[in-house]
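Before any comments, here is the structure.
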Amino acid sequence: MFKLIKKDLQSQARLGVISTLHGEICTPAFMPVGTQGTVKGLMPETVRELGAQIILGNTYHLYLRPGHELIRRLGGLHRFMNWDGPILTDSGGFQVFSLGALRKITEEGVAFQSHIDGSRHLLTPESSIAIQEALGSDIVMCFDECTPFPADYDYAEQSLALTLRWAERSKAAKKDNGQALFGIVQGGVYPDLRKRSIEELVKIGFDGYALGGLSVGEPIEKMLDIVAEHAPLLPEQSPRYLMGVGTPQDLLNCVERGVDMFDCVIPTRCARNGLLFTNAGKIVIKNAIYREDDRPLDPDCDCYTCRHYSRAYLRHLYVAKEILAMVLNTIHNIRHYMMLMERIRTAIREDRFSALKRDYEERTCQNGGTRSQEEGD
RNA sequence: GGAGGGGUUCCCGAGUGGCCAAAGGGAGCAGACUGUAAAUCUGCCGGCUCAGCCUACGGAGGUUCGAACCCUCCCCCCUCCA
């Protein structure tokens with residue numbers, strides 16, 4: 001299911017292809033997030049045109065609404081949302097983390113109260129897998145506990161142990177139906193725990209491996225250290241997925257450290273909130289300096305937004321709270337991410353990944369990436 | 001002509017003797033956002049030589065230790081009746 005095509009000589013960067021039931025994915029790849037069966041603001045055709053090869057869906061959210069059985073009856077998630085490319089579904093493990101106040105973790109699984117209506121539900125490794133099978137995703141994620149940060153060693157160790165037991169149960173529950181199943185590495189920020197996590201997951205055996213429990217509030221340097229140390233420990237012939245990351249700078253840093261797949265809400269959420277990524281750094285489109293700026297967002301971008309609209313118009317739409325602002329901004333940010341990934345893949349193929357990374361950093365450093373530079377006050 | 005209501009900081013709008021540079025919205029300015037409870041959230045928002053001072057609650061005057069708040073006159077708006 002994964003074919004490693006090339007390894008960079010100067011870094012851990014890799015070029016590969018993942019085969020799924022709904023097509024191939026060239027890696028390194030960034031997967032736009034479509035939590036509720038839609039990449040917010042975009043039609044599937046647009047998502048595809050922007051260069052996305054695979055998108056995310058979410059077990060917890062689709063289970064609660066509209067319900068996985070309903071989606072199954074209507075032909076599965078692909079048909080339901082009119083996206084015929086690959087879909088990866090997250091298991092609900094992240095909601096164990098993000099909906100902290102509304103859930104209780106037990107050996108059996110996680111008892112949730114719906115954030116929508118307060119109703120009570122139990123999500124287990126078995127039910128999470130069953131839901132993902134009903135949705136019909138191409139890549140199914142094991143149900144895990146996304147360990148929070150900070151977490152002390154004892155908590156991280158117990159959490160990891162639980163996630164490993166759940167991984168075994170997820171594997172056991174998974175039907176042999178062509179859907180891929182990925183294991184998730186946990187262990188907090190503790191190297192020995194993460195190493196153990198990897199060893200145990202590999203023993204169980206998965207189609208791919210994800211680094212989880214990162215980008216949950218730990219310092220970026222910490223995350224990079226962990227990725228640098230642990231991504232190379234994952235099986236070379238399996239895809240490596242860093243969950244929930246990140247900024248363009250994070251993507252470059254983590255490809256360099258051996259990661260093949262990413263997903264993150266940053267490009268879509270930030271687009272809706274008016275933060276746009278360009279080849280000259282980030283732009284906060286609501287800022288007054290763009291009031292009469294007739295230039296495109298990014299002259300080096302080929303997206304629909306940059307080909308047709310000025311910063312002044314985009315600022316106007318945003319300030320006026322027009323729906324089109326979110327659409328155009330999302331188109332741009334996703335295209336920026338996709339273009340970056342395309343350039344990364346080409347650069348690895350042509351043995352110039354390091355040069356590309358350096359070049360991108362130089363172009364954008366003038367006003368930094370999100371959360372990258374020193375925090376002011 | 002008669003009866004009543006009202007003029008507050010960029011706008012709307014609370015306040016009705018000291019705790020008021022004055023609630024709350026809006027606008028404006030800036031920041032955040034990392035497996036989406038996010039079209040969300042946060043901060044600033046009269047000026048200055050900034051633990052204080054100055055300028056401000058339609059205008060002018062007055063009462064008071066003290067007034068956006070009480071009194072007098074004036075100006076302007078709105079509603080109803082004729």
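The values are calculated or read from the model by the stated rules, or taken from the named source; none is laboratory data. What you see is a predicted model, and the numbers here were worked out from it, not measured in a lab. Virtual Cβ from ideal backbone geometry, glycine too; neighbours counted across all protein chains shown. Heavy atoms of the whole protein, side chains included, go into the accessibility calculation; ligands, DNA and RNA do not. Shrake-Rupley method; radii C 1.70, N 1.55, O 1.52, S 1.80 Å.
Taken about its Cα centre, chain A carries a charge dipole of roughly 840 debye when the Cβ of each Lys and Arg holds +1 and the Cβ of each Asp and Glu holds -1. Counting 0.36 nm for each residue step from residue A:45 to residue A:307 and taking away their Cα separation leaves a gain of 92.5 nm. In order along segment A:36-46, the Karplus-derived 3J(HN,Hα) couplings, from 6.51 cos²θ - 1.76 cosθ + 1.60 at θ = phi - 60°, round to 9, x, 6, 7, 3, x, 10, 7, x, 4, 5 Hz, and Gly and Pro are given as x.
Rounded to the nearest 500, what is chain A's calculated 222 nm mean residue ellipticity when only DSSP H runs of at least 4 contribute -39500 (n - 2.57) each, over all residues?
The helix contribution divided over chain A gives -12500 deg cm²/dmol.
Find how many whole Å separate the alpha carbon centroid of segment A:158-199 from the alpha carbon centroid of segment A:21-49. If we compute the Cα centre of each part, the gap is 25 Å. In this structure, the residue pairs whose Cα-Cα separation is over 22 Å, taken from A:7/A:171; A:286/A:321; A:40/A:321; A:171/A:222; A:7/A:175; A:40/A:286, are A:7/A:171; A:171/A:222; A:7/A:175. The angle separating the long axis of helix A:353-364 from the principal Cα axis of greatest extent in chain A is about 60 degrees. Potential lengthening of the chain between residue A:158 and residue A:172 amounts to 2.9 nm, from the contour at 0.36 nm per residue minus the alpha-carbon distance.
Just checking the listed ones, A:27, A:46, A:35: in the Gaussian network model of chain A with Cα springs under 10 Å, the one fluctuating most is A:46. Grouping the Cα pair distances of segment A:105-197 into 10 Å bins from zero gives a pair-distance distribution of 17, 41, 33, 9, 0 percent in increasing distance order. Here the 3J(HN,Hα) profile of segment A:92-98, calculated from phi with Karplus coefficients 6.51, -1.76 and 1.60 at θ = phi - 60°, is x, x, 5, 5, 4, 7, 6 Hz, Gly and Pro shown as x. Under a 5 Å amide H cut-off, with hydrogens placed 1.01 Å from N, residue A:27 pairs with A:16, A:17, A:18 among residues at least 5 apart or on other chains.
Reducing segment A:54-70 and segment A:232-288 to their Cα centroids gives an inter-centroid distance of 23 Å. Pick out which of A:315, A:358, A:345 has the largest mean-square fluctuation in a Gaussian network model of chain A, springs linking Cα atoms closer than 10 Å. Top of the fluctuation ranking is A:358. Note that segment A:330-344 has calculated 3J(HN,Hα) couplings of 5, 3, 5, 4, 5, 4, 4, 5, 5, 5, 4, 5, 4, 5, 5 Hz, one per residue in order, obtained from phi through the Karplus relation 6.51 cos²θ - 1.76 cosθ + 1.60 (θ = phi - 60°); glycine and proline are x. Amide H contacts for residue A:210 (H built 1.01 Å from N in the peptide plane; partners 5 or more residues away or on another chain; cut-off under 5 Å): A:183, A:184, A:185, A:241.
Order the peptides A:11-17, A:330-336 from the highest to the lowest mean number of other Cβ atoms within 10 Å of their residues.
Put in order of decreasing packing, that is A:330-336, A:11-17.
For chain A, the percent of C-alpha pairs falling in each 20 Å distance bin, counted from 0 to the bin holding the largest distance, reads 29, 59, 11.
Note on exposure: A:6, A:286, A:174, A:40 ranked by accessible area (1.4 Å probe, complete protein assembly) read A:286, A:40, A:6, A:174, with the most exposed listed first.
As a calculated quantity, the FRET efficiency between residue A:295 and residue A:319 at R0 = 22 Å, using C-beta atoms, amounts to about 0.80.
Straight-line cross-link partners of residue A:6 among the lysines, defined as a Cα under 22 Å from its Cα and at least 8 positions apart when in the same chain: A:357.
Annotation: amide H-H contacts under 5 Å for residue A:2 (H modelled 1.01 Å from N, sequence separation of 5 or more, or interchain): A:19.
Available extension along the chain between residue A:36 and residue A:115 is 27.1 nm, counting 0.36 nm per residue and deducting the alpha carbon span.
Here is the tail figure for segment A:311-353: Cα pairs spaced more than 17 Å apart come to 48 percent of all pairs. For segment A:178-233, carbon and sulfur atoms together expose 52% of the accessible surface, with a 1.4 angstrom probe and every protein chain in place. For chain A, the solvent-accessible area with a 1.4 angstrom probe is 42 square angstrom per residue.
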